[in-house]
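First up is the structure itself, then whatever we jot down about it.
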Amino acid sequence: MTDFRKGKSNDIEALERLYPAAFPDEDLLPLVRALTNAPGVLSVVACDGTDLIGHAAFTRCSVAGTPVALLGPVAVAPARQDKGLGGALIRQGLDDLGQAGVAQVMVLGDPAYYGRFGFRADAAVAAPYPLPEAWAAAWQSLHLGDGPAAQGVLEVPDPWRDPALWS
């Protein structure tokens, strides 16, 4: 049985096992560690008993004063991938953010995957650092509120202020 809950700071050891297993060719641990201790980060985890098997992070940001969030990273244990767990984590986080008054969520990721949740390419909000041209369609947003969509440059907190994360 899979249970979902908000992440806790003591999840870091499990996250340090999860991310290298889910992404053996990427070192996301510095970002994950920074996000674990950062204020304004909604962390959603999936557990099977005492085993942490999935994680999604949503960082509160802003665009011209409008509260938005940045989705990522998202990881699922390899044995549990392709079974809807990542999607369930994302939907849970989107629901929580919508209830908290976040107007829009941004993501830099596969349009085919994130399009399933309603994310669409977004040229009205610029990433905090220039993105490679080939990634233009990967920069996407999902509008959660009833008001106008945000326009401007995404203002990110310290963990996301590394230009290498955006190139």
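The values are calculated or read from the model by the stated rules, or taken from the named source; none is laboratory data. Values in this document were obtained by computation on a predicted structure and should not be read as measured data. When we count neighbours, we look across all protein chains shown, and the Cβ atoms used for this are built from the backbone with ideal geometry, even at glycine.
Descriptive notes on the structure:
- Taking every residue in segment 97-122 that is exposed (fewer than 15 other Cβ atoms within 10 Å of the Cβ) and pairing it with any residue that is in a strand (DSSP E or B) and of a type in the set (A, V, I, L, M), at least 6 positions away or on another chain, the pairs with Cβ-Cβ distances below 6 Å are 118/142.
- Single match in 28, 89 (criterion: under 22 Å from residue 166 (Cα atoms) and either out of contact with any Ser or Thr (no Cβ under 8 Å at 6 or more places or on another chain) or at pLDDT 95 or above (or both)): 28
- Within segment 70-86, residues that are under 17 Å from residue 29 (Cβ atoms) have Cβ atoms under 6 Å from residues that are assigned to a loop (DSSP other than H, G, I, E, B) in these pairs: 73/28, counting only partners at least 6 apart in sequence or on another chain.
- Among the residues of segment 123-139, the ones that are in contact (Cβ under 8 Å) with a residue 40 or more places away in the chain and out of contact with any Leu (no Cβ under 9 Å at 6 or more places or on another chain) come to 0 in all.
- If the condition is being over 15 Å from residue 59 (Cα atoms) and either modelled with pLDDT under 95 or not small (Gly, Ala, Ser) (or both), then segment 125-136 contributes 125, 129, 130, 131, 132, 133, 134, 135, 136.
- Answer residue from segment 132-142, given it is within 15 Å of the chain's Cα centre (by Cα) and outside any helix (DSSP H, G or I) and is surrounded by the most Cβ atoms within 10 Å (Cβ to Cβ) among those: 141
- Checked against the criterion of being more than 30 Å from residue 147 (Cβ to Cβ) and among the charged types (D, E, K, R), segment 37-57 has at least one qualifying residue.
- Subset of segment 34-67 [more than 17 Å from residue 85 (Cβ to Cβ) and touching a helix residue (DSSP H, G or I) at 6+ places or on another chain (Cβ under 8 Å)]: 34, 35, 36, 37, 38, 41, 42, 59, 61
- Residue among 147, 152 that alone is at positive phi and of a type outside the set (Lys, Arg): 152
Conditions tested, residue by residue: (1) modelled with pLDDT of 95 or more; (2) farther than 24 Å from residue 115 by Cα; (3) touching a Lys or Arg at 6+ places or on another chain (Cβ under 8 Å); (4) among the basic types (Lys, Arg).
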position	(1), (2), (3), (4)
14	yes, yes, no, no
42	yes, no, yes, no
47	yes, yes, yes, no
50	no, yes, no, no
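- Tallying residues that are out of contact with any Pro (no Cβ under 7 Å at 6 or more places or on another chain) and either part of a helix (DSSP H, G or I) or β-branched (Val, Ile, Thr) (or both) within segment 75-131 yields 29.
- Pick from segment 143-167, criterion part of a loop (DSSP other than H, G, I, E, B) and among the small types (Gly, Ala, Ser), ranking: surrounded by the most Cβ atoms within 10 Å (Cβ to Cβ): 150
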